[in-house]
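Below is one structure, written out as structure tokens; comments come after it.
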Amino acid sequence: MKRSTQPPTPDVIRGPWGPVGADPATAAPPGWAGEWVAAWNRFWFTPADPLPLAVVRIGAGCILAWSNLVWLADAAAFFGDQAWVPPADVWRVNDQPWQWSWYFAAGSPLAVWLLALVALVAAVCLAVGLGTPLAAVVSALGLISSVNRAPLNVFGLDDALGILLVPLAVGPAGAVWSLDARLWPRAVAAPSVRANIALRLIQVHLCVVYGFSGCAKLLGASWWEGTALWGAVANGQYRTLDLTWLARHPLLVNALTLGTVFWEVFYPALVWPRLTRRLALGMAVAVHLGIGLSMGMMEFALAMITANVAFVPARVFRRRSARHAATDRPPQRVRSVS
């Protein structure tokens, strides 16, 4: 039986007005409302290359594995019955009458440790792309369980990972650059509607986070004055790099502070057009690396940079991958013909 050489057909999802496939504009009613519906369908349901999602998966899986390794190092103190926050008092910290965590069902320190180990193994499998759909779901459940059980130990890193894990569970994150693709190869990694939905979820979430964060900064007088970053630099208990030399350059402090506010407020407008996308993503890398290096929050910085990868077109990764393969390929001997 001959194997078909035709590429697989992209996913087809039914939109509000019919099937949405390669040309979602055909599935909209006519008129002004139809243009909005067509734009909505194109935004969410146009098949997309899963490669950027795979890059996000690798970064998120590695960072989550490191975070879960820290949890596992003292699982009883974080999640056990005699933990820093007793199970009966967790709802007081979360200010919620109920929250789910699989650690609440653990009846012994060994069970707590095994559950933390399951979360770590799932994160490693997610990073390498082994059993990716199941690994993504288990990783998301493990993160939710950790956050709900140890709310006093939750920081921006956990929030950033939460932005990534749900889309990774929704989309085909293991379609390329994974052990799944090696063990069960496909003829072509076809564009997928699910991949587009997953990437859009990350992109929209980033716009909401940055936009509201920037608007919240506008409520602080120090951000208007251009001195907010100096407050972080001058805090000796929080910084990891000595940047007090910035006191001799107040205009530089003002520029960095106001530039950060400008970037966050206008990120949702700058990141979509091709003309300004590189500026928005470049500033994202610079801002988060600055936060990670100077304030000791490198894991959070790497998680946010990984999330911004969702805006990088797949052709960028494929071009660089092709260059790398061409560099590693041994030179071919050219046979002369006399």
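Where a number appears in this text, it was derived from the coordinates with a stated rule and is not lab data. For clarity, every value in this text was computed on a predicted model and none was experimentally measured. Neighbour counts run over all protein chains shown; Cβ positions are idealised from the backbone, glycine included.
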What's the center-to-center distance, using Cα atoms, between region 157-219 and region 64-120 in Å? 26
Region 48-191 - Debye-derived log10 I(q)/I(0), Cα point model, q = 0.14, 0.15 Å⁻¹: -0.64, -0.71
Among ILE58, GLN82, ALA105, which residue has its Cα furthest toward the positive end of the charge dipole of region 48-191, with +1 on Lys/Arg Cβ and -1 on Asp/Glu Cβ? ILE58
Spin-label point model (7 Å from Cα, Cβ direction): what's the ARG315 to LEU293 distance in nm? 3.2
If you rank PHE104, PHE317, PHE78, PHE155 by fewest surrounding Cβ atoms within 10 Å, what's the result? PHE155, PHE104, PHE317, PHE78
Non-local residues with an amide H under 5 Å from the amide H of SER192, with H modelled 1.01 Å from N and Pro and chain starts lacking one, are ALA48, ASP49
Once you have the Cα-Cα distance between VAL208 and LEU275, take 0.36 nm times their residue separation minus that, and quote the gain in nm to one decimal. 22.0 nm
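How much net charge surrounds PRO151 when only the other residues with a Cβ under 11 Å from the Cβ of PRO151 are counted, with Lys and Arg +1 and Asp and Glu -1?
On the way: positive: ARG92, ARG149; negative: ASP89, ASP95, ASP158.
Once all neighbours under 11 Å are counted, the net charge is -1.
Give the relative contact order (percent, whole number) for region 48-191; include only Cα pairs under 8 Å separated by 6+ residues. Kindly include the intermediate steps, with their values, before the conclusion.
Working: 192 pairs, mean separation 52.3, N = 144.
The value is 36 percent.
At R0 = 22 Å, how high is the FRET efficiency between ARG239 and ALA76 if r is their beta carbon distance? Nearest 0.05 is fine. Working shown, then result.
Values: r = 32 Å, r/R0 = 1.45.
Taking R0 as 22 Å, the efficiency between ARG239 and ALA76 is 0.10.
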Along region 145-155, what does the Karplus equation 6.51 cos²θ - 1.76 cosθ + 1.60 (θ = phi - 60°) give for ³J(HN,Hα), rounded to whole Hz, x for Gly and Pro? 5, 5, 5, 6, 8, 10, x, 6, 9, 9, 9
J(HN,Hα) series, region 32-39, from Karplus relation 6.51 cos²θ - 1.76 cosθ + 1.60, nearest Hz, glycine and proline x: 4, 5, x, 5, 5, 5, 5, 5
Checking rank on 63-73, 271-281, 108-118, 135-145, with mean other Cβ inside 10 Å and highest first, the result is 135-145, 63-73, 108-118, 271-281
Isotropic mean projected area of the C-alpha convex hull, region 208-315 (nm²): 7.3
